[in-house]
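Please treat every number below as a calculation from the coordinates, not as lab data. Since this is a predicted model, take the numbers as computed values, not measurements. Here the Cβ is made from the backbone with ideal geometry for all residues, glycine too, and neighbour counts use every protein chain on show.
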Amino acid sequence: MRTVELGARKKRIRKNIQIGLLAAVALTGVVLAAAVAPSLPGALAKLPSLQRAKLKYQYKTALMRLAAQGFVTFEKREGKLYARITDAGHKKLEFELEKVKLDLSKKRRWNGRWRVVIFDVPERRRKIRDRLRILMQEIGFVRLQDSVWVFPYDCEEFIALLKAELKIGSAVLYMVVEEIENDKHLREHFGLK
């Protein structure tokens, strides 16, 4: 049991490092790839050499994973290797930032309206349908029926990005609903009044 928790924790950390690096590349436009390995900022210099080496390795492998996924490309200038974010990287970063915004919206006051997402993805695109369900569950949506999911906060931008990323625009509908019959279990689940 403990190994499952450790594996899940490692995946979360790896993903957070990748998103952090992607954000750094996006914000600065270009990041010196060598800065990820040989010389990290001064704060890292205070770490013991074993931890510093481990962190350098993590950042370097995370950058390589991002490149393998097509989110970052490398270019050589004046003998130095630089990382540049791609269009796919921008989309991935935007998607991840929307997920963070949704998490933050859970801390706001509920306006009494339910956000309902329904979809009808054909069987031939089962993998995409399953990915959609997994993402919605990760965000915190509650399943009312197989293809009907509910969330109490505004998530229109996230759903639009999700539709674009999975290329299922016409198969997904987003609704704002004033009232759902017998919604007591939903209110309890989300901790709403």
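The table for this structure:
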| quantity | calculated |
| --- | --- |
| 37 °C / 0.692 mPa s Stokes-Einstein diffusion coefficient of the range 108-190, Kirkwood radius on C-alpha pairs, µm²/s | 248 µm²/s |
| Part-to-part distance (alpha-carbon centres) for the range 61-87 and the range 154-193, which is given in Å | 36 Å |
| His189 versus Glu75: modelled label distance in nm, points set 7 Å from Cα along the beta carbon direction | 4.7 nm |
| Over 25 Å between alpha carbons, listed pairs Lys92/Lys167; Lys163/Lys184; Lys56/Lys99; Lys56/Lys76; Lys99/Lys163; Lys60/Lys127 | Lys163/Lys184; Lys56/Lys99; Lys60/Lys127 |
| Charge sum, other residues only, whose C-beta stays under 9 Å from Tyr82's C-beta, Lys/Arg counted +1 and Asp/Glu -1 | +3 |
| Relative contact order %, the range 108-190, counting alpha carbon pairs below 8 Å whose residues are six or more apart | 47 percent |
| Loop GluC sites (Glu not before Pro), the range 61-122 (other Cβ atoms within 10 Å of the site Cβ: 11 or fewer; DSSP) | Glu78 |
